[in-house]
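For reference, the structure discussed in these notes is given below.
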Amino acid sequence: MTKAIISRHRGKRPAALRLAAFLLVLATMLACAGCTTLTLPEASQKPVEVLGDQPTQELAAEAEGYWKTGNYPLAELLYSRLLARADLDRDERLTAMDRLAESSFKARHFHQAKQALDRRAGTDSSVLGTWAWHELYIRTLAALNRQDLLDIHQTWMLAHTELPFPVRAQAMILFSELAIKSGDNARSLDLLAQVHRQAPDDASRLLLERLYASALLELTEEQLSALARTASPAPKVFPQALVLREAARRGARSSLGPAALAALQRRPGPLFAQNATRVQTDQPQAFLPARGGVARMALVLPLTGRFAATGQKVLRGASAAQKRLAAQGRAVELTVINAETADWREQLAALPASVATVGGPLLNVEALRSLSADGSLTRRAVFAFQPDLGTIQEGAQAWRFYPSFQDQARALIELTANQLDIHSVAILAPKNRYGQRMAEVFQAEAKAKGLRLAASETYPPDDHPRWLQSVSHLLKIPDGFRHNKSMPLPMPDFGAVFMPEDWGQAELLASNFHFFEGQHLLFLGTDLWSVGLDNAQDVDDTYFQQAACPGAWWPETNGGRALQAVMDEEHMGQADFWTALGFDFVRLGARLGLGEGWTPAEVNARLAGLKDLDYSMAPVVWNAQGQARQNLYLFTPRKDGKALVDPDTMRASIQKSKDRRERRLSMSREIQKNKKAGASGSLTQDVKD
């Protein structure tokens, strides 16, 4: 929502009162209209407690875990159970309702989704002032094919101007899209014209126009052509003029008559709210690409030298994105600069100011620093392909488009603490720069999540004979220990070990733990394991029955399969993380649409507001300060490479190993007890004799 619009609504108490009254009425109408199977609870009615002894907070954490990982059927089930608990506070109950609605929709249980949405509105009518609720409600009604309820909801939103205008604008655009899909193009245009006339000021009209211009980019050629044939050629009429302009931009001139083309030529560029000041919105993706409808960006990649193969992969993914966007009528002008040439910075500086978005440099902190030194970071929005920006301030001087060390640590700690209930960990790191940096990050993230660091040890990475000694120190093995099957070692006081090492070294390290009976431990690695497993053949997973490592690429996701399909069409070979990086960056840049005159605050606002970018790699989100967070996948080693971690199976495997070791310890104690008793009996007999 624009800040200007919000402040205007807050400044008018009568309007606020009218909105509150309207929301209560609308909540009642929604509860009654077409939902005879749902009975909303009275305010005094207490929820029924679900049978079972699982604590409510534990159930909530489990439901949240499934929701965060995208397991929506299980999230739906657990949030349904959670809402039957009596000991939820108000905020927890509202959150559970929101997530039940979303989970049900994504699990394609649309009746359940509608009931959850109705219940949410009946419990707290203020949610009707948010776009998130309306969007899910409209899409749910569409999925249920309830045109009658869609018509009612549309009428209410047009009739009640007390609702925030940005919410109503986005709703009418969505209703317009549904009308196009049903073949009713005239209705689609009429809805938008109505809400445009209702806009309270130029800033609101401009917001609607930008939102709709962005929505038109998503229409297929067939849909846009049909819409253009319906549109009036009048040069200053919204939304017709925008439709015709988009059709002309795509070159779909066969769809337009001479009068429409002439009108477009008379009025080639500006939107209709000509006197409006520029506003920030909660939908940054609605901004148009750079002038001329062409998104201009640059890539700085190593195309020669030792990392040439990697740079070529990124470029191949970028080219695939360029071709895909072109097929959708969205032009991308891509300039590629070889980072291995001596004058690459001069080449970048020579580009026109309209080339505002830059991807790279690739895994080169010094190159990024040089861009800061020569002032390039103030002229271009640079998205660095590296895990750490060093001294460059993320979100103010540059942005990150690559998994960070913190992303890796967070994924591992989420699994360890929240899904496997392990709260005491250890670190075994090599004495090198990477190992020590990763150890620091993991320790900091573990501490922030309340985990206990029970032990920490280093080892010389190239001195393999000394590794056994480092492992024994980590496990607190007594000096002079000699392996004895009849006298097992006591259990260590931690359940997981973080080993920031590459895959080849990790294989050797793990065998040392098994020498000291560490089969029950969870081994945690970095994305170096993931990369190594991608290229490994016939993996020996004997020592890795309980192990996890993070990674940003998994080919079996919807986004991964979509990228491979594009590459297959263009005969570009096999997709991997590097091609996904280029593919996703170009589509991100096209969505942002940065041009000359951009500001860091504007970039951050657009990034924070991005929605529904169908990533081929693990999804990236940005906060309001422009700091990225990538939700990485977790893998476990397998003989044929790697597989996604199954927390339930891993938990069972760890428990089985612990039980086996506990039995050995118990048997050992019993044997020692019997030996002592026997020795005591013999001594007594000797005394008697």
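The numbers here are math on the coordinates, done by the rules we state, and not lab data. Since the structure is predicted, the reported quantities are computational estimates derived from the model, not experimental observations. Please note: Cβ atoms are built from the backbone with ideal geometry, for glycine as well, and neighbour counts cover all protein chains shown.
By the count of neighbouring beta-carbon atoms within 10 Å, fewest first, VAL243, VAL336, VAL621 end up ordered VAL621, VAL336, VAL243. How about LYS323: which aspartates and glutamates have a C-alpha closer than 17 Å to its C-alpha, ignoring those fewer than 8 places off in the same chain? Hits, sequence-local ones excluded: GLU218, GLU221, GLU333, ASP568, GLU569, GLU570, ASP584, ASP614.
For region 102-119, backbone phi angles converted through the Karplus equation (6.51, -1.76, 1.60; θ = phi - 60°) give residue-by-residue couplings of 5, 5, 5, 4, 6, 8, 6, 9, 6, 5, 4, 4, 5, 4, 5, 5, 4, 5 Hz, Gly and Pro being listed as x. Applied to region 414-426, the Karplus parametrisation 6.51 cos²θ - 1.76 cosθ + 1.60 on θ = phi - 60° returns per-residue 3J(HN,Hα) values of 4, 5, 5, 7, 7, 9, 10, 6, 9, 10, 10, 10, 9 Hz, with x for Gly and Pro. Label-to-label distance for ASN558 and ASP462 is 5.0 nm, based on points extended 7 Å past Cα in the beta-carbon direction. The amide H of SER456, built 1.01 Å from its N in the peptide plane, has ILE427 as neighbours under 5 Å, considering only residues 5 or more places off or on other chains. Give me the distance between the Cα centres of region 521-542 and region 358-422, rounded to whole Å. Measuring centre to centre over Cα atoms gives 24 Å.
Here the Karplus relation 6.51 cos²θ - 1.76 cosθ + 1.60, evaluated at θ = phi - 60°, turns the backbone of region 457-473 into coupling constants of 8, 10, 8, x, x, 9, 10, 4, x, 8, 5, 4, 5, 5, 5, 5, 5 Hz, with x for every Gly and Pro. The ranking of ASP91, ASP502, ASP614, ASP584 by Cβ neighbour count inside 10 Å, starting from the fewest, reads ASP91, ASP614, ASP502, ASP584.
A straight Cα-to-Cα reach below 20 Å connects LYS656 with the aspartates and glutamates ASP421, ASP493, GLU517, ASP541, ASP646, ASP648, residues fewer than 8 places away in its own chain not being considered.
Among ASP201, ASP493, the ranking by other beta carbons within 10 Å of each residue's beta carbon, starting with the fewest, stands as ASP493, ASP201. Neighbours of GLY589, meaning other residues whose beta-carbon lies under 12 angstrom from its beta-carbon, give a summed charge of +4 when Lys and Arg score +1 and Asp and Glu score -1. Past the 24 Å Cα-Cα mark, which pairs from LYS68/LYS639; LYS68/LYS611; LYS447/LYS476; LYS106/LYS611; LYS68/LYS114; LYS313/LYS642? With Cα atoms farther than 24 Å apart: LYS68/LYS639.
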